[in-house]
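The values are calculated or read from the model by the stated rules, or taken from the named source; none is laboratory data. Remember, predicted model here, so these are calculated numbers, not experimental data. Virtual Cβ from ideal backbone geometry, glycine too; neighbours counted across all protein chains shown. Only protein heavy atoms, including side chains, enter the accessible area calculation; ligands, DNA and RNA are left aside. Shrake-Rupley method; radii C 1.70, N 1.55, O 1.52, S 1.80 Å.
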Amino acid sequence: ATKLALSPWLALFVGIGLTVAVAVILGALTLRMSGHYLPLATIAWGLSLNYTMANMEWLGKYDGILGIPTLAVAGLDLGSGRLLHPLVWAIALLAALAVLHLLDSRPGRAIRALKSGATMAEAMGISTFRYKLTVFVIAALLAAVSGWLFAHFQRSVSPSPFGIHKGIEYLFMAVLGGVGHVWGAFLGAAVVRVIEDELQVLL
């Protein structure tokens, strides 16, 4: 019983480890590109990984993995009702505060400098590739935690919800909320979700 209760948390740490390893490899191969080649390359990676996993027999192909257990904290089952929502909000807010703290640090100022282009940052002695890779890995890590929460919320996980359309939706959320502001991600996500729900009702 104890092993079963710990398995979701073990899966989280294993998933984070695998995600960081894959992000470092993909980042090393991709982040030396510039201009429009970089976003096109990341889209290509997303498509290729999505189709690859969708054709893996041991991952259930397009049906995915079913029967994922619910999360339990201190003996409290979070799979009933909306008990998982406070955990989701807590992790989201902690992630936002951690990113804000990072951006206010010395490495964070170097990361902010990348927004104006690599030439000026490199002239100031900043290793642009290293900081780009750092941001890439942090984003992948947060995506891994989000996917873990999503899997336990849905009690299943498949490649279908992670196609190119979702990537475009997340990009639209970031642009709408403001890519230069951490809290803009929350605003952009809220606006897009409300609009989508209202359109579903109207149509």
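Cβ separations smaller than 8 Å between residues 6+ apart or across chains give the following pairs from segment 181-203 residues that are under 12 Å from Tyr170 (Cα atoms) to residues that are open to solvent by 90 Å² or more (accessible area, probe 1.4 Å) and in a helix (DSSP H, G or I): Gly188/Phe172; Gly188/Val175; Val192/Phe172.
Listed here are the residues, each with its yes/no results for (1) part of a loop (DSSP other than H, G, I, E, B); (2) over 18 Å from the mean Cα position of the chain (by Cα).
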{"residue": "Phe13", "(1), (2)": "no, no"}
{"residue": "Val20", "(1), (2)": "no, no"}
{"residue": "Ser34", "(1), (2)": "yes, yes"}
{"residue": "Gly46", "(1), (2)": "no, no"}
{"residue": "His85", "(1), (2)": "no, no"}
{"residue": "Ala90", "(1), (2)": "no, no"}
{"residue": "Leu102", "(1), (2)": "no, no"}
{"residue": "Arg112", "(1), (2)": "no, yes"}
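Selection over segment 132-156 of residues that are open to solvent by 40 Å² or more (accessible area, probe 1.4 Å), closer than 25 Å to Leu78 by Cβ, touching a residue at least 60 places away in the same chain (Cβ under 8 Å) and not aromatic (Phe, Trp, Tyr) gives a count of 4. Residues in segment 120-131 that are among the hydroxyl-bearing types (Ser, Thr, Tyr) and surrounded by 14 or more Cβ atoms within 10 Å (Cβ to Cβ): Thr128, Tyr131. For segment 48-83, taking the residues that are of a type in the set (A, V, I, L, M) and in a helix (DSSP H, G or I), the one that is least open to solvent (accessible area, probe 1.4 Å) is identified as Ala54.
Among the residues of segment 35-42, is any of a type in the set (S, T, N, Q) and open to solvent by less than 70 Å² (accessible area, probe 1.4 Å)?
Among the residues of segment 35-42, at least one is of a type in the set (S, T, N, Q) and open to solvent by less than 70 Å² (accessible area, probe 1.4 Å), which makes the answer yes.
Anything in segment 157-183 that is open to solvent by 80 Å² or more (accessible area, probe 1.4 Å) and of a type outside the set (Phe, Trp, Tyr)? List them, or say none. Within segment 157-183, His165, Ile168, Leu171, Val175, Leu176, Val179, His181 qualify.
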